[in-house]
1. Mind checking which residues of segment 115-126 are modelled with pLDDT under 85, out of contact with any Asp or Glu (no Cβ under 8 Å at 6 or more places or on another chain) and in a helix (DSSP H, G or I)?
2. Filter segment 304-340 for residues that are closer than 29 Å to MET200 by Cβ and touching a Pro at 6+ places or on another chain (Cβ under 7 Å); which is modelled with the lowest pLDDT?
3. Quick check on segment 309-334: of everything there that is of a type in the set (Lys, Arg) and assigned to a strand (DSSP E or B), which residue is surrounded by the fewest Cβ atoms within 10 Å (Cβ to Cβ)?
4. Exactly one condition in (1) free of Cβ contacts under 8 Å to residues at least 12 places away in the same chain; (2) more than 14 Å from ASN296 (Cα to Cα) is not met by ALA239; state its number.
5. Consider segment 117-165. How many of its residues are at positive phi and of a type in the set (S, T, N, Q)?
6. Only one of these is among the aliphatic types (A, V, I, L, M) and part of a loop (DSSP other than H, G, I, E, B): ILE26, ILE55, ILE12, ILE83. Name it.
7. How many of the residues making up segment 166-185 are over 21 Å from VAL361 (Cβ atoms) and surrounded by 12 or more Cβ atoms within 10 Å (Cβ to Cβ)?
8. Going by what's in this entry, would CYS191 be described as surrounded by 15 or more Cβ atoms within 10 Å (Cβ to Cβ) and under 28 Å from ALA9 (Cα atoms)?
Amino acid sequence: MAGNSFGQAFRITTAGESHGPGNLVIIDGVPPGIPLSVEELQVELDRRRPGQSKITTQRKEPDTPQFLSGMFEGHTTGTSLAILIPNKDQRSRDYSEIKDKYRPGHADYSFDAKYGRRDYRGGGRSSARETTVRVAAGVVASKILKLECNARVQGYVTQIGDIKAEIPDPATITRELVEQLPDGSQNIVRCPDHIAAEKMVNLIDDLRMECNSIGGIAEIVATGVPAGLGEPVFDKIKADLAKALFSLPAVLGVEYGIGFGCATMTGSEHNDLFEPDTSNAPVIQKDVAGVKTTTNRHGGMLGGITTGMPIVLRAAVKPTSSLPIEQKTVTRSGEETTISTKGRHDPCLLPRFVPMAEAMVAIVLADHWLRWKAQCGRISPDRG
């Protein structure tokens with residue numbers, strides 16, 4: 001099976017299925033000497049794990065990571081970093097009655113069409129369970145970004161159904177706003193507009209009681225990313241970020257900056273005007289003056305290369321396809337039938353999607369940072 005690896009200088013390869021023994025990621029290109037602990041991984045895995053609130057699947061997985069290689073005395077060694085996350089709470093019996101039926105909205109039929117066989121337990125390889133190890137890899141990528149250029153990636157929910165959050169300035173959203181409500185309790189929907197968040201939770205809970213689901217939109221913002229990362233043709237930073245987000249389960253749309261809003265704008269309305277940057281923000285090419293733009297409709301990327309402005313992306317996530325209500329379908333032999341999917345499923349994917357999206361964005365940015373260092377990092381500014 002091809003397509004299990006992503007990235008170049010920072011390259012991840014994953015393996016595992018929803019109801020197998022566990023999921024594994026091997027990360028190549030990790031610089032030596034980075035301090036890293038299981039506890040740091042666990043923080044992010046707890047944000048992604050099932051069973052964390054009433055509006056997520058109740059599958060009980062501790063998601064405890066194990067380092068298999070690439071670590072010694074609390075630091076990376078520079079060799080392949082392997083991380084295993086065992087599965088503990090599989091209930092494969094929930095799928096035995098529908099193993100020959102195609103679930104609407106799932107990859108059952110397309111898997112059979114490609115391979116002629118599939119693991120029917122919870123979606124097998126196409127299950128979102130695989131994203132556990134992506135989140136673990138994202139922690140490593142985020143540490144590289146923090147140590148090298150003090151960049152950070154923050155995601156949050158901006159829309160559930162027709163409920164939209166008010167986000168005045170994406171670059172000012174903090175982890176605290178996303179994770180906590182004003183009273184200190186958990187913000188289980190991860191929307192920084194706390195008034196909208198309450199409405200979103202109520203909507204999700206109502207649909208959960210009706211055995212239905214709902215989709216929405218997450219926004220991901222990367223700040224502190226220096227200008228100059230990315231390649232101008234096939235490996236545009238926007239192209240790699242789009243692929244990263246589209247590779248996540250249930251993503252049906254990705255946009256950046258003003259996105260599809262550009263379709264109704266004139267060129268003079270759309271252009272972001274340059275001005276000197278007096279904030280002393282880092283510029284990786286020391287002989288290039290620091291500049292910024294008065295607006296950020298370009299979402300921090302021009303010509304496939306970062307500009308130093310915040311990178312702003314949005315991903316549209318579909319409603320959960322696994323529903324306990326009766327729906328029409330066909331069997332593997334083509335006979336008409338109905339299906340009701342048992343098991344434990346999220347009524348809305350967005351709250352747990354946020355750490356997955358953050359991880360994939362961090363992986364792309366770390367990859368391009370290391371690629372820049374390999375090509376341009378040692379070139380003297382004096383090239384005369």
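1. SER126
2. Within segment 304-340, the match that is modelled with the lowest pLDDT is SER340.
3. Looking at the filtered set, the residue picked out is LYS328.
4. Every listed condition holds for ALA239 apart from (1).
5. Counting residues in segment 117-165 that are at positive phi and of a type in the set (S, T, N, Q) gives 1.
6. Only one candidate qualifies: ILE55.
7. The qualifying residues number 2.
8. Here the answer is no, as CYS191 does not meet what is asked.
The values are calculated or read from the model by the stated rules, or taken from the named source; none is laboratory data. This is a predicted model, so every value here is computed, not measured. Note that we place each Cβ from the backbone using ideal geometry, even for glycine, and neighbour counts take in every protein chain shown.
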